[in-house]
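Taking it in order: structure first as structure tokens, then the write-up.
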Amino acid sequence: MAMHRSDRNIIKGLDHRNVEATLVGLKTFMSDSHWVSLSNPYATDIQKLRRDIKSGNAPHQKELAQYIVASCLLHCSDGWSYLGRSISALLRGDPHIARHLAYYAELRATKSLLASQGLGVFNHHHFAVTGVNSAVQLSDSTGTHDFAWASLDYWSSLAGSGALFTELVRPFGINLSQWFASVGGSAKVANQAQSWFRQWGMDLKSFPADRDARNASSYQPDGLPEPWQIKASDALAFVTELWRSLEPSANSRFDIIDNHIFRAAVEAYFKGVNGKSRIQKPAEFDRFIRSVVVPQNLGPVAEKEIIRFLKWQELPTESLILSRSRELSKSNDNGAEAVMSRATLLLRTASGAASNLFRAVGITEAQVAFWSNNLGRSRGLWESAAPATLSDLWADISLQLDEVESFQTKYTKSKQTFYRVGAELHEALVDLGSCERAAIWGASP
């Protein structure tokens, strides 16, 4: 169903300054370890919004606008939690549950990303922040899933979505806008980003093939006609790749995946300009890469390393997360991994959008520590004191990935059974399902 023209006009006209100014008003609540006022009626009873509308009462605009803005980080955090549970299910040999949970991770990532732009996706009643502490109801009355896709699809077509993406992704510590400044700017990269948003959110579409695949995992009994079974060795390899792609560094909170996105963007940009791929025009591609890298003045060692990476001489295999994200979610082969990959990429983007929004208004990591500290304790990431640095948050994951590698070295693929995974990697099963870590290091200001 096409989005109402009036809704498209509202979304197109959203002013980020209204979102930022509304967020500023939440600082006083954060100082008391709350996101919104304790008197905000929607904080404890979001169904009141629906009741107000049905009874003809005007929603509380200020409280609703503040709810939407605060939700951008919280939807993101919840999305990472869903992805973590999805990983746990995959590592127990349950791809149906893994796909089901990954779908909701993708949905939450979308709701987070849209909320950071001022769009509140609810159930049949949706709102946009059109002024400071002010929200208007949109005409669309479709359900959460359909409206989330329609909004993502339309927002992705706007120039602002691509511009946001090129600011968020920071390969080798430099955002995409700066990387492409020497070759005419980031416009073509922004166009590619717009298509990526649609690709990464494809499971939200109402097309029968996508919806049927989700429903098969969410509502139908497994085993009719045949159970969906996966190999433990494949699950371990995928989860390892997923976590490796999320490793933070001093350069970027998502260093590895940002680098792979950069390489894909360089190739797409080159093909868009030249009409040929890097393989078809290797000499021209080499010159193009150098025209992108050399102006950054990174020094000979870093420059050589990055050029080798972009020419596929270093890490010559495409990120499994990127390649899986292009696959369909059918209930065979890699369907669960495909949805998990798209959710991961959307969550990475939503995390950057939330973090940028909070930093833009001067909210610091310390001011949201009430959230991250409580999240870490409640999910068992630490006992009392939170880790001091991002590397500390990553340390447990790195250790468990080493354990997985030892396990895979010890056993041939045929002997890497889910029984042995449970018996010998029980600590890894816990830690590798703790994606709340990525929420903390990725979405915090």
Under a 1.4 Å probe, counting only protein heavy atoms, Asp78 has an accessible area in Å², nearest 10, of 60 Å²
About the Cα centre of the chain, how large is the charge dipole given +1 on each Lys and Arg Cβ and -1 on each Asp and Glu Cβ? Please answer in debye to the nearest 20. 1060 debye
Would you rank Thr240, Thr130 by solvent-accessible area, highest first, keeping every protein chain in place and using a 1.4 Å probe? Thr130, Thr240
So if I take the centroid of the Cα atoms in the stretch 282-299 and the same for the stretch 67-104, what is the distance between those two points in Å? 39 Å
Ranked from the most accessible area to the least, with a 1.4 Å probe and all protein chains present, what is the order of Asp52, Asp32, Asp234, Asp286? Asp32, Asp234, Asp286, Asp52
Once the Cα gyration tensor of the chain is diagonalised, semi-axes √(5λ) in Å: 33, 28, 23
Which residues' amide hydrogens lie under 5 Å from the amide hydrogen of Gly120, considering only partners 5 or more residues apart or on another chain, with H built in the peptide plane? Phe127, Ala128, Val129
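What whole-number value in Å² describes the accessible area per residue of the chain for a 1.4 Å probe?
Details: 18990 Å² over 445 residues.
In whole numbers, the chain has 43 Å² accessible per residue.
Based on DSSP H runs of at least 4 residues, each adding -39500 (n - 2.57), what is the mean residue ellipticity at 222 nm of the chain after dividing by all its residues, to the nearest 500 deg cm²/dmol?
Working: 23 runs with 278 residues, N = 445.
The helix contribution divided over the chain gives -19500 deg cm²/dmol.
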Positive dipole terminus of the chain, leading residue within Ser277, Ser116, Pro171 (C-beta point charges): Ser277
Strictly over 19 Å apart at the Cα level, which of Lys276/Lys311; Lys188/Lys276; Lys27/Lys48; Lys48/Lys205; Lys231/Lys415; Lys12/Lys62 would you flag in this model? Lys27/Lys48; Lys48/Lys205; Lys12/Lys62
Residue by residue, what Karplus-based ³J(HN,Hα) values in Hz, rounded to whole numbers, does the stretch 339-350 have, using 6.51, -1.76 and 1.60 with θ = phi - 60° and x for Gly and Pro? 5, 4, 5, 5, 4, 4, 5, 5, 5, 4, 5, 4
So what is the diffusion coefficient of the stretch 315-367 in µm² per second by Stokes-Einstein at 25 °C and 0.890 mPa s, using a Kirkwood Rh over Cα pairs? 189 µm²/s
In square angstrom, rounded to the nearest 10, how much accessible surface does Leu328 have for a 1.4 Å probe? 100 Å²
If the cut-off is 12 Å between C-alpha atoms, which aspartates and glutamates fall inside it for Lys281, apart from same-chain ones fewer than 8 positions away? Glu267
Residue of Ser39, Ser161, Ser355 that the Gaussian network model of the chain assigns the largest fluctuation, springs spanning Cα pairs under 10 Å: Ser39
Got a number for the accessible area of Glu267? Probe 1.4 Å, square angstrom, nearest 10. 50 Å²
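Within the stretch 124-177, what whole-number % of the accessible surface is contributed by carbon and sulfur, with the 1.4 Å probe and all protein chains included in the calculation?
Details: 810 of 1590 Å².
That share works out to 51 percent.
GluC sites (Glu not before Pro), restricted to the stretch 333-422: which are DSSP loop and have at most 14 other Cβ atoms within 10 Å?
Numbers: sites: Glu337, Glu365, Glu383, Glu403, Glu405; in loops: Glu365, Glu383.
Here the GluC sites (Glu not before Pro) that fit, given the DSSP loop and packing criteria, are Glu365, Glu383.
The values are calculated or read from the model by the stated rules, or taken from the named source; none is laboratory data. What you are looking at is a predicted structure, and each value in this text was computed from that prediction instead of being measured. Neighbour counts run over all protein chains shown; Cβ positions are idealised from the backbone, glycine included. Note: areas computed on protein heavy atoms with side chains; ligands, DNA, RNA excluded. Shrake-Rupley method; radii C 1.70, N 1.55, O 1.52, S 1.80 Å.
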